Amino acid sequence: MTFSDFALSEHLLRAVEALDFKTPTTIQELMIPQLLDETNDVVGLAHTGTGKTAAFGLPVIEHIDIEERSPQALVLCPTRELCIQITGELQLYGAQLPGLKITSVYGGDSYERQKRELKRGIHILVATPGRLLDLINRKNADISNIRFLILDEADIMLNM
């Protein structure tokens with residue numbers, strides 16, 4: 001199996017090729033087709049380094065409406081380091097899609113910068129729960145148009 005076997009658009013296939021991804025990992029083979037069908041809720045469990053971010057990131061990017069400048073996907077994760085890592089990977093996957101805006105919000109970074117980026121309009125938001133709640137409570141983040149919710153390392157967040 002190759003990535004071209006999935007129903008991914010040309011911009012995502014170019015990004016995958018640019019990243020030199022040859023064959024999908026097991027988690028990607030199982031998750032990508034299910035997530036391309038927007039009606040499925042999916043739970044994925046795999047070890048670190050198996051490509052989970054691509055497994056959810058590629059299908060989510062596939063479904064983003066670039067014309068709609070509000071968050072359509074939310075990735076919640078327990079730490080700022082993971083937020084930064086996931087945001088970077090998603091930006092690589094979406095690099096061939098002009099106009100795609102992805103940002104992360106987390107404690108310890110400039111609140112004003114995060115507020116400005118949200119106000120400018122984004123498509124995918126990667127966030128820690130605490131900073132996201134703060135932004136929502138201050139009316140600086142609107143998640144009413146979220147169509148995709150990803151809980152990365154949900155087990156760790158539930159133990160917090």
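The values are calculated or read from the model by the stated rules, or taken from the named source; none is laboratory data. None of these values were measured; they are calculated from a predicted model. Neighbour counts are summed over all protein chains in view; Cβ atoms, including those assigned to glycine, are modelled from backbone coordinates with ideal geometry. All accessible areas refer to the heavy atoms of the entire protein, side chains included, with ligands and DNA or RNA removed. Shrake-Rupley method; radii C 1.70, N 1.55, O 1.52, S 1.80 Å.
Report whether or not Ile143 is within 23 Å of Val43 (Cα to Cα) and of a type in the set (Val, Ile, Thr).
Numbers: within 23 Å of Val43 (Cα to Cα): yes; of a type in the set (Val, Ile, Thr): yes.
So Ile143 fits the description; yes.
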- Message: Yes or no: the stretch 89-111 includes at least one residue that is in a helix (DSSP H, G or I), closer than 26 Å to Gln34 by Cα, of a type in the set (A, V, I, L, M, F, W, C) and in contact (Cβ under 8 Å) with a residue 40 or more places away in the chain.
- Response: yes
- Query: Across the stretch 102-116, what is the number of residues that are under 25 Å from Ala154 (Cβ atoms) and surrounded by 12 or more Cβ atoms within 10 Å (Cβ to Cβ)?
  - Reply: 8
- Query: Here are some residues: Pro24, Pro78, Pro71, Pro59. Which one is in contact with a strand residue (DSSP E or B) (Cβ under 9 Å, 6 or more places away or on another chain), part of a loop (DSSP other than H, G, I, E, B), open to solvent by less than 80 Å² (accessible area, probe 1.4 Å) and not hydrophobic (A, V, I, L, M, F, W, C)?
  - Reply: Pro71
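Any idea which residue in the stretch 5-21 is modelled with the lowest pLDDT, counting only those that are among the aliphatic types (A, V, I, L, M) and assigned to a loop (DSSP other than H, G, I, E, B)? Break it down stepwise before answering.
Filtering the stretch 5-21 for residues among the aliphatic types (A, V, I, L, M) gives 7-8, 12-13, 15-16, 18-19.
Checking which are assigned to a loop (DSSP other than H, G, I, E, B) leaves us with 7-8, 19.
On the way: Ala7: 88, Leu8: 94, Leu19: 94.
The residue in question is Ala7.
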